């Protein structure tokens, strides 16, 4: 599935929840099930600046496909990471760039999160987009340089 | 635990009713429980009215202009200076300099006393200072080759006064300390620190940002050379601060910023400067906020200080009792003399997560390092949750907060 389709699915999932508590419980649950982050990359080099809690994000490039490992010391942040990784992880750089994070506002997270938390989420998205932009600019293997 | 009968809920409800914002809702209908008074106070209707009235009847630039409104605005602005002088126990309104806030007051003093410092001179701070009472001194110290010495904080969240006595010595030129910790609520023995500073000929600066909304302040009794606070923490508007300075000390200082109002006469051959406090007030001041501060101080002074103290202690004890049963709760600091500011963490949860869930339930607290990173390091944490109370805080609000905290912790674990 393309990132935009995964985003639509995510929005649909959240539409099933009628109150804030269920939404947060789901995000917390997503956070608890985030795949383990490689210990050797839990260093300052992989810290994303601008987050209220500490966030580590480490990309791996396979051809033009980007995979991400990420982690945080805060569980709600881990849940938000899980959502981002579900939409953007394992996707071609071009598709990532073509999918702005509007699903976050469609879910209603942008109005519910505190300013510092929303800024942190924006920092994570920017980080993912920047990495995707760098990868997208590199010539694909097999194509003339 | 119930509130003592002497804390009549009628009193709190009466005060509370004067704050329109406290009866609003957030996040789609959740009644606001505002427990972030240490970050900024809310404003009573009389202060809001005073600002509106200023713009409908008085607005004009001050200290200039030969017309009726200019005179009226100047009178209102100078009346604020008189009100503040009386509020702090200053000898004269000339000892009151209006600034943008406590932060600018520290910067003003650091910048204007800098010329007195020689390499190796010492500035004594404490481990529980707000960054605003650290960084301006660091910048100045780097410039002058001065050295910062730090009074440590004990496990109970109090200043190690024995260490203070050995740190403050002949090399000390300035002692700057917070009166009430914005993170722990500890009330520091600042009169003692000022006396130590005075005994070695050092200047003393007290950051009173949190202290002004608790026990009455008397700068003469404290014996400080400088005392600063921000209007917005005292029920008045943002963008205005107060710097009290002993007059002869203020008189000995050079200007801080250049501009209008702070001059005596200007020529390209040389400019002479106004006397304090005008010497330190370049440009058009925040008259609106000064007018608001007058009303805020009058309003606050009408609330009996004994009642205030009693309410603060009762509500703090009530809150400690209400959240005390939460498994894994650590409250930082248990000073013998403290005010209604509670910093805590809950094992197995991140402060940011707790803050997010409390907010979702309508409870406003602060999470983070509270601009006191050295203190956080001393406590061995990176962030805490801080609930802070005011004269308007009710037992019901504390109940809602405690229930919300219990629920948040349950969701996060």
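The values are calculated or read from the model by the stated rules, or taken from the named source; none is laboratory data. Just so we're clear, the structure is a prediction, and the values are computed from it rather than from any experiment. Reconstructed Cβ throughout: ideal geometry from the backbone, glycine too, with neighbour counts over all protein chains shown.
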Report task. Could you tell me whether residue B:94 is over 30 Å from residue B:401 (Cα atoms) and touching a helix residue (DSSP H, G or I) at 6+ places or on another chain (Cβ under 8 Å)? Result -> yes
Query - Subset of segment B:215-233 (residues that are in a loop (DSSP other than H, G, I, E, B), at pLDDT 95 or above and farther than 17 Å from residue B:245 by Cβ) - result: B:216
Requested in this report: Scan segment B:366-377 residue by residue and report those that are under 20 Å from residue B:39 (Cβ atoms) and either within 14 Å of chain A (Cβ to nearest Cβ) or part of a helix (DSSP H, G or I) (or both).
Outcome: B:366, B:367, B:368, B:369, B:370, B:371, B:373, B:374, B:375, B:376
Query raised in the report: Identify, please: which residue in segment B:1-21 is assigned to a helix (DSSP H, G or I) and under 16 Å from residue B:399 (Cβ atoms) and is, among those, modelled with the lowest pLDDT?
Result: B:9
Query raised in the report: Is there a residue being crowded, with 23+ Cβ neighbours inside 10 Å and under 18 Å from residue B:164 (Cα atoms) anywhere in segment B:109-122?
Result: no
Report task. Evaluate the following for residue B:411: is it within 12 Å of chain A (Cβ to nearest Cβ) and outside any loop (DSSP other than H, G, I, E, B)? Result -> yes
Query raised in the report: When you look at residue B:356, is it out of contact with any strand residue (DSSP E or B) (no Cβ under 6 Å at 6 or more places or on another chain), without any contact (Cβ under 8 Å) to a residue 24 or more places away in the chain and under 28 Å from residue B:150 (Cβ atoms), yes or no?
Result: no
Query raised in the report: Is it the case that segment B:204-217 has a residue that's over 25 Å from residue B:93 (Cα atoms) and surrounded by fewer than 20 Cβ atoms within 10 Å (Cβ to Cβ)?
Result: no
Query - Members of segment B:378-402 that are in a helix (DSSP H, G or I) and closer than 30 Å to residue B:303 by Cα - result: B:395, B:396, B:397, B:398, B:399, B:400, B:401, B:402
Requested in this report: With respect to residue B:404, determine if the residue is touching a strand residue (DSSP E or B) at 6+ places or on another chain (Cβ under 8 Å), surrounded by 19 or more Cβ atoms within 10 Å (Cβ to Cβ) and within 14 Å of chain A (Cβ to nearest Cβ).
Outcome: yes
**Report entry** Within segment A:107-117, considering residues that are assigned to a helix (DSSP H, G or I) and more than 19 Å from residue A:13 (Cα to Cα), the one nearest to the other protein chains (Cβ to nearest Cβ)
**Finding:** A:117
**Report entry** Check on residue A:71, surrounded by fewer than 21 Cβ atoms within 10 Å (Cβ to Cβ) and touching a residue at least 24 places away in the same chain (Cβ under 8 Å)
**Finding:** no
**Report entry** Selected residue (criterion: farthest from residue B:329 (Cα to Cα)) from residues of segment B:353-365 that are facing another protein chain (nearest Cβ under 7 Å) and in contact with a helix residue (DSSP H, G or I) (Cβ under 7 Å, 6 or more places away or on another chain)
**Finding:** B:360
**Report entry** Residues (surrounded by fewer than 16 Cβ atoms within 10 Å (Cβ to Cβ) and either modelled with pLDDT of 95 or more or on the phi < 0 side of the Ramachandran plot (or both)) located in segment B:250-266
**Finding:** B:251, B:252, B:254, B:257, B:258, B:260, B:264, B:265, B:266
Requested in this report: Quickly run through segment B:175-201 and pick out the residues that are in contact with a helix residue (DSSP H, G or I) (Cβ under 8 Å, 6 or more places away or on another chain) and farther than 20 Å from residue B:371 by Cβ.
Outcome: B:175, B:189, B:191, B:192, B:193, B:194, B:196
Query raised in the report: Going by the structure shown, is residue B:349 buried (at least 18 other Cβ atoms within 10 Å of the Cβ), part of a loop (DSSP other than H, G, I, E, B) and within 14 Å of chain A (Cβ to nearest Cβ)?
Result: yes
